[in-house]
Structures are given as C-alpha cells and as structure tokens.
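The values are calculated or read from the model by the stated rules, or taken from the named source; none is laboratory data. Worth saying up front: this structure is predicted, and the values here are computed from it rather than measured. Neighbour counts run over all protein chains shown; Cβ positions are idealised from the backbone, glycine included. The protein model used for the area step is the full one, side chains on, heavy atoms only, and it has no ligands, DNA or RNA in it. Shrake-Rupley method; radii C 1.70, N 1.55, O 1.52, S 1.80 Å.
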Amino acid sequence: RTFSAKESQSHLNIGTIGHVDHGKTTLTAAITKVLQKDGLADFVSYDSIDRAPEEKARGITINAAHVGYSTKKRHYAHTDCPGHADYIKNMISGASQMDGAILVVAADDGQMPQTREHLLLAKQVGVKNIVVFINKADLVDNEVLELVELEIRELMSDFGFDGDKSPVVFGSALKALNGDEVWEKSVKQLLDVIDDYIPTPSRDVSSPFMLPIDNAFSVPGRGTVVVGTIGRGTMKKGAEAELLGFNNKMKTIVNDIQVFKKSLPQAIAGENVGILLRGIKLKQVQRGMLLCAMNSQKVSNRFKASIYFLTKSEGGRSKPVTTKYIQQLFSKTWNVSCRIDLDDNVNMIMPGDHCTVDITLIWKMVMTSGQAFTIRENNITVATGIITETLP
Ligand code: GDP
Ligand code: MG
C-alpha cells in the first residue's frame, strides 16, 4: 500500500522481532492506529495481522503480514510474523530483507529465549540497526523498566549490536492501540527514533565493484561480453578486474561498458550492463561467475551457515539429515554440489529444525555473509540457509 502524497519518499524495510507474546503484533497494529490519525497509514487491526496469509518463498511456507505506513520522513514496509517458526524461516530465507528491526521486549518478562534467538539471527542475516521497544510498561514500575533496559543493552552488545547507542523506548502497545493518549506518545516516540536512528539504505557506488554474471556472448572481432546488473560500486572503462567462481580466478580488463547498447565511460550499482572483457574466451565464462574489482573478493569452498530444513508438509524431507550429507546448493544464478557437515555435538537435523552447519562446495565460489541459498534434492527444495562466515 502506498500513500499518494508520499510516493516519491525514500523507503525502509523493517519488522518486529522478539519473544512470543511480548506484543509484536499489538505494536504493529498500534503503529498503524497512531499514524492513521495523521493520515499516514490505514489502520490494520490486530486480527488481520495475526491472520496473515501463507506465502511461499523458495518452497517454504511462511506466515507473514506486510503492513505499509509512512512517517513524515519516509515510507515503511513492516513485517510481522505470527509464530516463532515463521520468524526463523523469514529471516533465514532472506524473504523480507529487513534494513532494521524493532526488538519488542515485555517489561514484565524481560529477555527470553526467542529474544536471544531473533537477535542472533538478525546479526547473522546482516540486520545492522535495531531499536528496542520495552513493551507492557503499564504493568511494571520504573525500577523494573530500568533493569530491563540495562539487561537488554548488555544482551544487544553480546550479540554484536551497539547496545550503548541503540535507542530504547518504553511504552504500551495495548494501551496505545486502545486509544490512550499518554501511551500513544510512546509509539510516536518509537517512530521518531526509528526515523532518526535507522539510515535509509542507499545504492553502494563507492565500494569495489561487483557484477554477478547472468549471461555471456561473443562479438566477432571484438571479444567476450558478459551481462548482468552491477551489484555494488562503480565500474570504469579500463579498470583491472577479476573473473571469479567455479574454481577459476582470471585477470582481465574492462575494455568497454555498454548500457542500453551505448558505450559509456562508467556505470554504477543497479545498472544493467554489457562488459567487453580483454583476453577472455567465451568458453571460460559461466553464468554465476562474478566480475569484480582486483583483489576485492575471495573465492572459497568452505563456509559456515545457518540452515533450516523444511518439514514434510512444507515439501521437505521426511527423514532426518546426518553428517556428510551431499546435495546441490543453489544461490543467485548458480548451483554446485556441496557437502553439509553438522557440528560435532549434533547427530542429526530433523525436518523443521534449524542449526549451524559447515558447508563444503565442490568448486570455489564467492559467497559472502548474508548470502541466501537453498538445498535441493532432485529439484525439490529441502532446506534454506544463509552464509554466516567464509572459512579459509
Ligand atoms: P506477539 O506474540 O509478540 O505478537 O504478542 P501479541 O501482540 O499477540 O500480544 C500478546 C499479549 O500481550 C496479548 O494478550 C496482548 O493484548 C498483550 N499485550 C500486548 N501489548 C501489551 C501492553 O502494552 N500491555 C499489556 N498489559 N498487555 C499487552
Ligand atoms: Mg504476533
């Protein structure tokens, strides 16, 4: 849903995370209620959020509600999931790439197992900024609030977030939803700190360039052209580059850059380009390779990942997975054989479980932290995962 007056505004993907029953859905509804008063949202009721339709992402079923609203600053797409399993799947599959998150913690309960689990996953999938909403402040006194704040800041730091600087807001989602003006202010305050603290993601044009290759062809008399959308950085004519993937590491030069069939001196992230490469034969190029700035990316065949195995009813396996499990791994535009090894203390993974695993690819590829992948058996998705670390 967009709000016409704000269409040219910037956009942020956000979501509520936190332990079950701490008030994530109530807060989501309260946000739309409060913003509706200023004409910045359509009110979305608690029930309609909680009865979110099932969606199919990469073969897994995730229940998630996507609620749209605006502040004076920008537009938001907000994800709220009804159950803990939905959060796990939503985050591990990268289904709704959150730019930031609202961690909801009930003041009468404090941090709980799912608070920690969601923080861990948020870190692993690359959520950079988190604001904290200490909810149910109507149920406790100020001393308890202060304790919960201290505790949650420490927890955030433990998980690698900025626990000291992250904003913490006390409030009551339920009272705000019921129209209590005192508590409506807490929701407004939350929206203000989100506006201020979480930066709008911008196209990265300054980091070393990276072009995932979708296609390649040869131009008689000129050479090999690779085609794709620049994922990051600025590509300049004459730049030294490396072609990486499938065990290859080839040096080349960006001989020409074409955008919409016109030759240009440079192109930036987000542009679809054809790149004429020096000294590369067509048969050396493969869809799924990466063209990147010299020495900017590493190829490896060993990674750590967070992985979720689909249940039988989600189309996954019926039997558990044990160590040295060998299958095809799919990511971006490529797939290669891989072996999955479980941690020493884990004997098997049951369908419906998630855990950390070691992945070994048959070829060396570029995979970076936060990169999503799936595992398929005979073209059926049985697992979804995200890279958390590249091993040497
Ligand atoms: P979720 O599982 O995190 O989405 O939690 P819900 O939003 O479903 O809320 C769980 C329960 O806590 C519901 O019964 C809510 O009415 C109640 N609740 C939510 N926010 C507040 C609050 O600020 N104060 C009080 N007293 N109860 C709340
Ligand atoms: Mg909920």
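Worth pointing out:
- Given (1) touching a Cys at 6+ places or on another chain (Cβ under 6 Å); (2) closer than 22 Å to Ala85 by Cβ, number of the condition Val357 does not satisfy: (1)
- In a residue-by-residue description of the range 153-164, the property of being more than 25 Å from Thr388 (Cβ to Cβ) and either of a type in the set (A, V, I, L, M) or away from ligand 1 (no atom under 15 Å from the Cβ) (or both) applies to no position.
- In this structure, Asn142 qualifies as within 16 Å of ligand 1 (Cβ to nearest atom) and out of contact with any Lys or Arg (no Cβ under 6 Å at 6 or more places or on another chain).
- Filter pass, Glu242 being more than 16 Å from ligand 1 (Cβ to nearest atom), farther than 28 Å from His11 by Cβ and not in a strand (DSSP E or B): no
- Selection within the range 239-266 - among the charged types (D, E, K, R) and open to solvent by 60 Å² or more (accessible area, probe 1.4 Å): Glu240, Lys249, Lys251, Lys261, Lys262
- For the range 172-205, residues that are free of Cβ contacts under 8 Å to residues at least 40 places away in the same chain, buried (at least 19 other Cβ atoms within 10 Å of the Cβ) and touching a strand residue (DSSP E or B) at 6+ places or on another chain (Cβ under 8 Å) total 1.
- Counting only strands (runs of 3 or more DSSP E) wholly contained in the range 17-122, the ones carrying 3 or more residues that are within 20 Å of Thr388 (Cβ to Cβ) and away from ligand 2 (no atom under 12 Å from the Cβ) occupy 100-106.
- Looking only at residues of the range 22-41 that are of a type in the set (Gly, Ala, Ser) and within 21 Å of Leu103 (Cβ to Cβ), we find that the one that is farthest from the chain's Cα centre (by Cα) is Ala30.
- If the condition is being assigned to a strand (DSSP E or B) and open to solvent by 40 Å² or more (accessible area, probe 1.4 Å), then the range 206-233 contributes Asn215, Phe217, Ser218, Val219, Thr229, Arg232.
- Subset of the range 158-167 [out of contact with any Phe, Trp or Tyr (no Cβ under 7 Å at 6 or more places or on another chain) and surrounded by fewer than 20 Cβ atoms within 10 Å (Cβ to Cβ)]: Asp158, Phe159, Gly160, Asp162, Gly163, Asp164, Lys165, Ser166
- Answer residue from the range 120-142, given it is in contact (Cβ under 8 Å) with a residue 60 or more places away in the chain, over 17 Å from Ser96 (Cβ atoms) and crowded, with 22+ Cβ neighbours inside 10 Å and is farthest from the chain's Cα centre (by Cα) among those: Lys136
- Test: residue in the range 73-83 that is acidic (Asp, Glu), touching a strand residue (DSSP E or B) at 6+ places or on another chain (Cβ under 9 Å), within 11 Å of ligand 1 (Cβ to nearest atom) and farther than 21 Å from Ser202 by Cα: yes
- Residue check for Leu145: more than 30 Å from Met294 (Cα to Cα) and open to solvent by less than 50 Å² (accessible area, probe 1.4 Å): yes
- Only one entry in Ala95, Ala107 is of a type in the set (Gly, Ala, Ser) and away from ligand 1 (no atom under 11 Å from the Cβ), namely Ala95.
- Restricting the search to strands (runs of 3 or more DSSP E) fully inside the range 274-392 and requiring at least 1 residues that are open to solvent by 50 Å² or more (accessible area, probe 1.4 Å) and of a type in the set (Asp, Glu) gives 380-391.
- For the range 123-152, a residue qualifies if it is part of a loop (DSSP other than H, G, I, E, B) and either in contact with a His (Cβ under 7 Å, 6 or more places away or on another chain) or over 15 Å from Gly163 (Cα atoms) (or both), and the qualifying residues are Val125, Gly126, Lys136, Val140, Asp141.
- Selected residue [closer than 30 Å to Ala173 by Cβ and either hydroxyl-bearing (Ser, Thr, Tyr) or in contact with a Ser or Thr (Cβ under 9 Å, 6 or more places away or on another chain) (or both)] from Thr200, Thr234, Thr224, Thr229: Thr200
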